[in-house]
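Some notes on the structure that comes next.
The values are calculated or read from the model by the stated rules, or taken from the named source; none is laboratory data. Bear in mind that the values here come from a model prediction, so they are computed numbers and not experimental data. Note that each Cβ is placed from the backbone with ideal geometry, even for glycine, and that neighbours are counted across all protein chains shown.
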Amino acid sequence: MAEYICTACGYEGPGRTRKRGSKGMEIFIWSVLMVPGPFYSLYRRVGLKRECTHCGLPTVVNVNSDAGFIAKRKIDIELGLITIPKVEEKKVAEAFGNDKPAVKRETKRVIDPEQF
């Protein structure tokens, strides 16, 4: 059986499927109207939705999918199981009294008098 993860609460487990409509309406249509009964039954079975057994939301994805990997990583970061290394930004030196960055001065060449 495939494992699923809920993107809302982080529950990992099999999940559950839920059909559209109600079983009472299906029984009523089959017993009284008889003709549209098969169509309503087909309508209920085509629209199966997988939902979380913990929170009941239809936000369950397969763990082996890309969305499952992202959800698992997000939950692990929120719980503090994974730490993300911080990227340090380069600080630009600013000239005093000017909003533009300071221009790095070139060092002067030493002139050798014997070269002349």
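Summary table below
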read-out: Residue in segment 31-46 that is assigned to a strand (DSSP E or B), touching a residue at least 24 places away in the same chain (Cβ under 8 Å) and surrounded by 12 or more Cβ atoms within 10 Å (Cβ to Cβ) present; value: no
read-out: Unique match (being outside any helix (DSSP H, G or I), free of Cβ contacts under 8 Å to residues at least 12 places away in the same chain and surrounded by 12 or more Cβ atoms within 10 Å (Cβ to Cβ)) among GLY10, GLY56; value: GLY56
read-out: Total residues in segment 49-80, condition of a type in the set (Lys, Arg) and either under 27 Å from SER22 (Cα atoms) or touching a Cys at 6+ places or on another chain (Cβ under 6 Å) (or both); value: 2
read-out: GLY37 of a type outside the set (Phe, Trp, Tyr), at pLDDT below 85 and at positive phi; value: no
read-out: Segment 59-68 - residue that is without any contact (Cβ under 8 Å) to a residue 60 or more places away in the chain and closer than 10 Å to THR7 by Cα and, of those, surrounded by the fewest Cβ atoms within 10 Å (Cβ to Cβ); value: THR59
read-out: Residue match in segment 81-100 (condition: in a helix (DSSP H, G or I) and either at pLDDT 85 or above or under 30 Å from GLY21 (Cβ atoms) (or both)); value: no
read-out: Residue that is more than 29 Å from ILE5 (Cβ to Cβ), more than 16 Å from the chain's Cα centre (by Cα) and either in contact (Cβ under 8 Å) with a residue 24 or more places away in the chain or surrounded by 13 or more Cβ atoms within 10 Å (Cβ to Cβ) (or both), where the choices are GLU26, GLU89; value: GLU26
